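A.B. asks: My questions all concern the structure below.
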Amino acid sequence: MTDSADSWDVLAQAGELARRGEAFALATVVWRQGPSSGKQGCRAIITAEGELRGWIGGACAEPAVIREARQSLVEGTPRLLLLGSPEQFGAAVPAGMTVVPISCQSEGALQVYIEPMLPVPHLVVVGRSPMAHTLVELAGSLGWHARLAEHTELDGVTERSFVVVATQGHHDEESVERALAARPAYVGLVGSRRRGASVLGYLADRGVDTDELDRVQVPAGLDLGRVSHREIAVSILAELVRIRAAREVPSGPPEPAAAPDAAEPVDPVCGMTVEAGDPVAFEGHEYSFCCAGCRAAFLRDPGAYAKKESRC
């Protein structure tokens, strides 16, 4: 049995990350086959940077769970992992599960459910028109963090924010320029194409980069023709939902780009993909290991394992 206090502590940390608008994945051990240090009900948080907080198992399980959790954040979809030797499962692995081979000293196995927790969308509507109020109310009904703002109140806008400028001729140019400076995921201007051209032309004359101005959606929202202010709010929200569904909004820090010819290190003893760390050099190559047991086995007879040509 897992320690319930530790499990609740992980959930409390998850709640705090969610309140701060940070992306993370929640990993839960839902089944185990002993011997295994991971117990049913153990939980851990994996941040977008790959930091693990909590406990789901030992050195063999952790790198695989971290790797799969980060990928789930990129794709935005949950996944169910079976960690162990493929021979332990045979043809009985249900469809939809991912088998991740681990074959260290223990012959245990784990089933881990990974659930990506992406930030709630953040919407800032600049202006006080009836349409602006309606848009904030509609976004709030979806559970989004939405607020009205004056043109001078764009603090807190990040690369994951949506900004809709609905000032209707009052400080349009200043509002758009301030919004672009914050580099949000979306900047939209409510108004006609003619008004939009005037605003963007003015900003171009002020020296705002053309690439930045091209990011402004004018008019904001889907083109529904002549519609009421409430319907304009619906059209804008529909556009933002489409952008979010297409995953055009970053959920967290991007993964570092690998060198073109870089290969993930593989434990030469068990064949498991691992993180490079404290390597052992042998015949011009460096070898990393998932646990002390595999490292010790390699040191006893490095020639037997170096023939696999694992490298990091």
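A.B. asks: Mind counting the residues in region 204-221 that are among the basic types (Lys, Arg) and surrounded by 11 or more Cβ atoms within 10 Å (Cβ to Cβ)? Please lay out each step first, then the result.
C.D. replies: Step one: list which residues in region 204-221 are among the basic types (Lys, Arg), which gives 206, 215.
Next, from what is left, pick out any that are surrounded by 11 or more Cβ atoms within 10 Å (Cβ to Cβ): 215.
Total meeting the criteria: 1.
A.B. asks: Then there is this: If I filter region 111-122 for residues that are among the hydroxyl-bearing types (Ser, Thr, Tyr), open to solvent by 40 Å² or more (accessible area, probe 1.4 Å) and without any contact (Cβ under 8 Å) to a residue 60 or more places away in the chain, do I get at least one hit?
C.D. replies: Looking only at region 111-122, we keep the residues that are among the hydroxyl-bearing types (Ser, Thr, Tyr), and these are 113.
Remaining after also requiring open to solvent by 40 Å² or more (accessible area, probe 1.4 Å): 113.
This time we only want the ones that are without any contact (Cβ under 8 Å) to a residue 60 or more places away in the chain, so: none.
Looking for residues that are among the hydroxyl-bearing types (Ser, Thr, Tyr), open to solvent by 40 Å² or more (accessible area, probe 1.4 Å) and without any contact (Cβ under 8 Å) to a residue 60 or more places away in the chain, one finds none in region 111-122, hence no.
A.B. asks: Consider only pairs whose beta carbons are under 6 Å apart and that are at least six residues apart or on different chains; among these, list those whose first residue lies in region 55-75 and is under 25 Å from residue 119 (Cβ atoms) and whose second residue is assigned to a helix (DSSP H, G or I) and not β-branched (Val, Ile, Thr).
C.D. replies: none
A.B. asks: In region 153-173, what residues are buried (at least 16 other Cβ atoms within 10 Å of the Cβ) and not aromatic (Phe, Trp, Tyr)? Lay out the reasoning, then the answer.
C.D. replies: Within region 153-173, the first condition is being buried (at least 16 other Cβ atoms within 10 Å of the Cβ), and the residues that meet it are 154, 157, 160-167, 171-173.
Passing the criteria: 154, 157, 160, 161, 163, 164, 165, 166, 167, 171, 172, 173.
A.B. asks: Taking region 133-181 as the region of interest, how many residues are small (Gly, Ala, Ser) and over 14 Å from residue 240 (Cβ atoms)? If you could, list the steps in order and put the result at the bottom.
C.D. replies: Taking region 133-181 as the starting set, the residues that turn out to be small (Gly, Ala, Ser) are 139-141, 143, 146, 149, 156, 161, 166, 169, 175, 179, 181.
Next, only the ones that are over 14 Å from residue 240 (Cβ atoms) stay: 149, 156, 169, 175, 179, 181.
Summing the residues that are small (Gly, Ala, Ser) and over 14 Å from residue 240 (Cβ atoms) in region 133-181 gives 6.
A.B. asks: So which of 221, 207, 225 is among the small types (Gly, Ala, Ser), closer than 22 Å to residue 142 by Cβ and part of a loop (DSSP other than H, G, I, E, B)?
C.D. replies: Values: 207 fails: closer than 22 Å to residue 142 by Cβ; 225 fails: closer than 22 Å to residue 142 by Cβ.
Sole residue among the options that is among the small types (Gly, Ala, Ser), closer than 22 Å to residue 142 by Cβ and part of a loop (DSSP other than H, G, I, E, B): 221.
A.B. asks: Give region 232-252 a look and list any residue that's surrounded by 12 or more Cβ atoms within 10 Å (Cβ to Cβ) and at pLDDT below 80, or say none.
C.D. replies: Result: 247, 249, 250, 251, 252.
A.B. asks: Within the bounds of region 222-231, is there any residue that is modelled with pLDDT under 95, within 18 Å of residue 134 (Cβ to Cβ) and buried (at least 17 other Cβ atoms within 10 Å of the Cβ)?
C.D. replies: no
Yes or no, residue by residue, for (1) at pLDDT 95 or above; (2) over 21 Å from residue 20 (Cα atoms):
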site: 134; (1), (2): yes, yes
site: 148; (1), (2): yes, no
site: 199; (1), (2): yes, yes
site: 206; (1), (2): no, yes
site: 216; (1), (2): yes, yes
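A.B. asks: Right, here's the next one. One residue is enough: does region 168-181 have a residue meeting the conditions modelled with pLDDT of 95 or more, of a type outside the set (Phe, Trp, Tyr) and under 27 Å from residue 15 (Cα atoms)?
C.D. replies: There is no residue in region 168-181 that is modelled with pLDDT of 95 or more, of a type outside the set (Phe, Trp, Tyr) and under 27 Å from residue 15 (Cα atoms).
The values are calculated or read from the model by the stated rules, or taken from the named source; none is laboratory data. If you're wondering where the values come from, they're calculated on a predicted model, not measured in any experiment. Quick reminder, even Gly has a Cβ in these numbers, built from the backbone with ideal geometry, and neighbours come from all protein chains shown. The protein model used for the area step is the full one, side chains on, heavy atoms only, and it has no ligands, DNA or RNA in it. Shrake-Rupley method; radii C 1.70, N 1.55, O 1.52, S 1.80 Å.
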